[in-house]
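Please read the structure below before turning to the comments.
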Amino acid sequence: MNAADLAERFQKEFHTQPKVFRAPGRVNLIGEHTDYNDGFVMPSAIGFFTRVAVSARSDRKLVLRSAEYSEVFEFDLTNLPAVRLNAWCDYVIGVATILQQAGCAVTGANLLLHGEVPIGAGLSSSAAIEVATALALLCLTEVTMPLQTVARLCQKAENEFVGARVGIMDQFVSCLGRAEHALLLDCRSLDFDLVPLPENLKLVICNTMVKHQLSGGEYNRRREECEQGVQILSGFYPGIKALRDVSPSQLLAQAKALPPIIYKRCLHVVEENRRVLDAAQCFRSSDLQGVGRLMRESHRSLRDLYEVSCRELDIMVEVAEELPGYYGGRMTGGGFGGSTVNLVESPQAESFAREITERYRWQTGISSEVYICSPANGAGAEPNTPAAAPSFQTIDSSSKSI
Ligand code: GLA
């Protein structure tokens, strides 16, 4: 459903013209489970969007409809639920709550949502809902804020309302991703560089169809294990605030002081940070084989050290080997299911998709979905729908460098 279709449906349901905003999902090329350790990540936004059509109401109600689900939710802005309801509306309530807490005078609104980011595929459908909702609600207020701040507030909504202690990566790239580029982000300073990707390269995303769930305990447990590592290591190296501050040799020197599981988790993060910076360098020098090698290493580390892969993800990575046009691949996103991301030369992308689907089905009996993607632009107002005064800004990336 495109923006015009959504606007038409909105008109039928709410009898008024909406403004429409959209925010993309993302695929992370490298840098997994590093964002909440103040480290580096390198995702791209992808051309699957969540769209939110919005119009103002004269009362203090939020009336929420979805193009996919039939239930209609109605809330009073002065009395929003304090805990999640375990429904799609949680992301909207979470964002409205956090915007209000941040001092934005959120007004009553009708919202109609439509999501095309596959759910549970590790492609950040939740960040896409949050960011599109934030832009929609902000456009009805007088508030303007940089997209970086929008990303932070959406992350806060997911942390505090939905209960997943996610890092900043997904919301940030959903806001600030750029077509034809990956976004190299320093998750501590939020400085970023846009890294151009070669024109003849596709990001082939293979969905294992095993659904992952971030609000489940494993993700939060990994975060706690990292925090435990920092606590022990800071006894040896005062001044360490996050695993970002630990070098591989410092970690190795204190290996015996850490419980074995904590050591493995820390080793993944410390080495993964290095791989992200190396991969950006490889892209800049057109060394795609180099990026591919780093992606394979990242997958092995997520499988063996961080232990967030699963049988289906490992199979999906293994069966890609030696397919024509393939440079490398790995699981992407939080893990425990979801998708792999593969760098494939454009002319071979279709045959890669067909062949990997066959090989995966043969080994697992599961019919996967494969999406052949190119990096997309981040969130904004939909062109060709009634013009929205921008309530957010993009920031020139050229002044920052990592
Ligand atoms: C999820 C989270 C991100 C990040 C990844 C793992 O996608 O939302 O913040 O932690 O997992 O890299």
Query raised in the report: Residues GLY239, GLY290: which one is of a type outside the set (Ser, Thr, Tyr), farther than 30 Å from LEU343 by Cα and open to solvent by less than 70 Å² (accessible area, probe 1.4 Å)?
Result: GLY239
Report summary line: If we keep only residues of the range 317-360 that are among the basic types (Lys, Arg) and touching a residue at least 12 places away in the same chain (Cβ under 8 Å), then the residue surrounded by the fewest Cβ atoms within 10 Å (Cβ to Cβ) is ARG359
Report task. Go through (1) under 30 Å from GLN348 (Cβ atoms); (2) open to solvent by less than 10 Å² (accessible area, probe 1.4 Å) one by one and return the number of the condition ASP193 breaks. Result -> (2)
Report summary line: Expected single match for of a type in the set (Ser, Thr, Tyr), open to solvent by 10 Å² or more (accessible area, probe 1.4 Å), at pLDDT 95 or above and touching a Lys or Arg at 6+ places or on another chain (Cβ under 8 Å) among THR78, THR97 is THR78
Query raised in the report: So which pairs qualify, if the first residue must be in the range 77-106 and over 14 Å from GLU130 (Cα atoms), the second must be open to solvent by 50 Å² or more (accessible area, probe 1.4 Å) and assigned to a loop (DSSP other than H, G, I, E, B), the Cβ gap must be under 7 Å, and the two must be at least 6 apart or on different chains?
Result: LEU77/ARG60; THR78/ARG60
Query raised in the report: Which pairs do you get when a residue that is outside any strand (DSSP E or B), found in the range 43-68, comes within reach of a residue that is small (Gly, Ala, Ser), reach meaning Cβ atoms under 7 angstrom, with the pair 6+ apart or on two chains?
Result: ARG57/GLY108; ARG57/ALA109; SER58/GLY108; ASP59/GLY108; ARG60/GLY108; GLU68/GLY115
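Say we look at the range 310-332 and pick out the residues that are assigned to a loop (DSSP other than H, G, I, E, B) and touching a strand residue (DSSP E or B) at 6+ places or on another chain (Cβ under 6 Å); which of these is nearest to the ligand (Cβ to nearest atom)?
Residue satisfying both the conditions and the ranking: ALA320.
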Query raised in the report: Which one of GLY25, GLY47 is under 29 Å from CYS373 (Cβ atoms), open to solvent by 30 Å² or more (accessible area, probe 1.4 Å) and in contact with a strand residue (DSSP E or B) (Cβ under 9 Å, 6 or more places away or on another chain)?
Result: GLY47
Query raised in the report: Residues in the range 205-213: is at least one modelled with pLDDT under 95 and not in a loop (DSSP other than H, G, I, E, B)?
Result: no
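Got at least one residue in the range 338-358 being part of a loop (DSSP other than H, G, I, E, B), on the phi < 0 side of the Ramachandran plot and aliphatic (A, V, I, L, M)? Spell out how you get there, then give the answer.
Quick first cut of the range 338-358, residues part of a loop (DSSP other than H, G, I, E, B) only: 338.
Those left that are additionally on the phi < 0 side of the Ramachandran plot: none.
No, the range 338-358 contains no residue that is part of a loop (DSSP other than H, G, I, E, B), on the phi < 0 side of the Ramachandran plot and aliphatic (A, V, I, L, M).
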Query - Residue match in the range 8-24 (condition: away from the ligand (no atom under 16 Å from the Cβ), within 22 Å of GLY380 (Cβ to Cβ) and in contact with a Gly (Cβ under 8 Å, 6 or more places away or on another chain)) - result: yes
Query raised in the report: Checking ASP38 against (1) at negative phi; (2) touching a residue at least 24 places away in the same chain (Cβ under 8 Å), which single condition isn't satisfied?
Result: (1)
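Tell me which helices (runs of 4 or more DSSP H) are completely within the range 87-193 and hold 2 or more residues being more than 14 Å from the ligand (Cβ to nearest atom) and over 18 Å from GLY39 (Cα atoms), or say none if there are none.
Filter on the range 87-193 gives 89-101, 125-138, 147-157.
Any idea which residue in the range 84-94 is nearest to the chain's Cα centre (by Cα), counting only those that are farther than 7 Å from PHE161 by Cβ and open to solvent by 10 Å² or more (accessible area, probe 1.4 Å)?
Residues of the range 84-94 that are farther than 7 Å from PHE161 by Cβ, as a first pass: 85-89, 91-92.
Cutting the leftovers down to open to solvent by 10 Å² or more (accessible area, probe 1.4 Å) gives us 85-88, 91.
On the way: LEU85: 22, ASN86: 20, ALA87: 20, TRP88: 17, TYR91: 14 Å.
Out of the qualifying residues, it is TYR91.
The values are calculated or read from the model by the stated rules, or taken from the named source; none is laboratory data. Quick caveat: nothing in here was measured; it's all calculated off a predicted structure. FYI the Cβ positions are ideal-geometry reconstructions off the backbone, even for glycines, and counts take in every protein chain you see. Accessible surface areas use protein heavy atoms only, side chains included; no ligands, DNA or RNA. Shrake-Rupley method; radii C 1.70, N 1.55, O 1.52, S 1.80 Å.
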